[in-house]
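The values are calculated or read from the model by the stated rules, or taken from the named source; none is laboratory data. A quick note: this is a predicted structure, and the numbers were derived from the prediction, not measured. As a convention, Cβ positions derive from the backbone with ideal geometry for all residues, glycine included, and neighbour counts pool all protein chains shown.
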Amino acid sequence: MYIPEHFRLRRDADAVAFMRANPFAILISSTDDGPFATHLPLFVRAEEEGVLLHGHVAKANPHWRYLEQQAQCLTIFHGPHSYISPSNYTARESVPTWNYAAVHVYGEARIFSSQEDLREMLHELMATFEPAYGQQWEGLSQTYRENMLRQIVGFEIVATKIEGKFKLSQNRTRQDQANVIASLENADDSAVSGMARMMKEQRLGKIPPDKEGE
């Protein structure tokens, strides 16, 4: 991914936080017929030895076979984004652009299909997205649960490289940043208003004098 230095995310911990906040990702593999992509939610585990991604696909989805044949893959996590009008800038000679945030995880995948491993992976996902469903799942018949597990294939991706790009108008003046935030923050589209919120979280825009040293 092309990343100008002022847009580069420098800490893996920040990338992990972003991935956890935006867990619906795009998994991409190379095949003999070209790239193949699947959109899916992922569990992100950060350990001392590195970052792991856990998820599953339907057994009918050929993606698990591609991971089995070629372990190298790319996973893209994407967050808020918005068109940025040059009307926000104090300099008249300016052009439109698009602000966005994304993290790319390059890694090596392994697949698994044992019921024990699949149950562990599903419990991670349930605990992340709907803890209350865990009790409902355990209350379902064993026959139903086993049949559901037979319909999926799990995978683990060990991250070998993580790249993060937060393009948030860092290359503009504080005034321009403040203008961008003001133009986006009341939008009905959550992707647009989320960009304004993200810019403020990154302390962009005009900062009150009493906050400068924080």
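A few notes on this one:
A quick yes/no check of all residues on (1) over 24 Å from the mean Cα position of the chain (by Cα); (2) closer than 25 Å to L9 by Cβ:
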{"position": "V51", "(1), (2)": "no, yes"}
{"position": "Y66", "(1), (2)": "no, no"}
{"position": "Q72", "(1), (2)": "no, yes"}
{"position": "T75", "(1), (2)": "no, yes"}
{"position": "H81", "(1), (2)": "no, yes"}
{"position": "I84", "(1), (2)": "no, yes"}
{"position": "A91", "(1), (2)": "yes, no"}
{"position": "Y133", "(1), (2)": "no, no"}
{"position": "L140", "(1), (2)": "yes, no"}
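- Residue check: E138 meets all listed conditions (1) surrounded by fewer than 18 Cβ atoms within 10 Å (Cβ to Cβ); (2) modelled with pLDDT of 95 or more; (3) farther than 18 Å from A102 by Cα; (4) acidic (D, E) but one, namely (2).
- Only one of the numbered conditions (1) buried (at least 17 other Cβ atoms within 10 Å of the Cβ); (2) touching a strand residue (DSSP E or B) at 6+ places or on another chain (Cβ under 7 Å); (3) of a type outside the set (S, T, N, Q) is not met by K59, and that is (1).
- Of everything listed in (1) basic (K, R); (2) under 23 Å from I162 (Cβ atoms); (3) not in a helix (DSSP H, G or I), the single unmet condition for R20 is (3).
- Summed over the stretch 97-130, residues that are exposed (fewer than 11 other Cβ atoms within 10 Å of the Cβ) and either touching a residue at least 12 places away in the same chain (Cβ under 8 Å) or outside any helix (DSSP H, G or I) (or both) total 2.
- Scanning the stretch 122-145 for residues that are in contact with a Gly (Cβ under 9 Å, 6 or more places away or on another chain) and under 30 Å from F166 (Cα atoms) gives L125, M126, A127.
- Residue in the stretch 131-155 that is farthest from M19 (Cα to Cα), counting only those that are in contact (Cβ under 8 Å) with a residue 24 or more places away in the chain and assigned to a helix (DSSP H, G or I): E146
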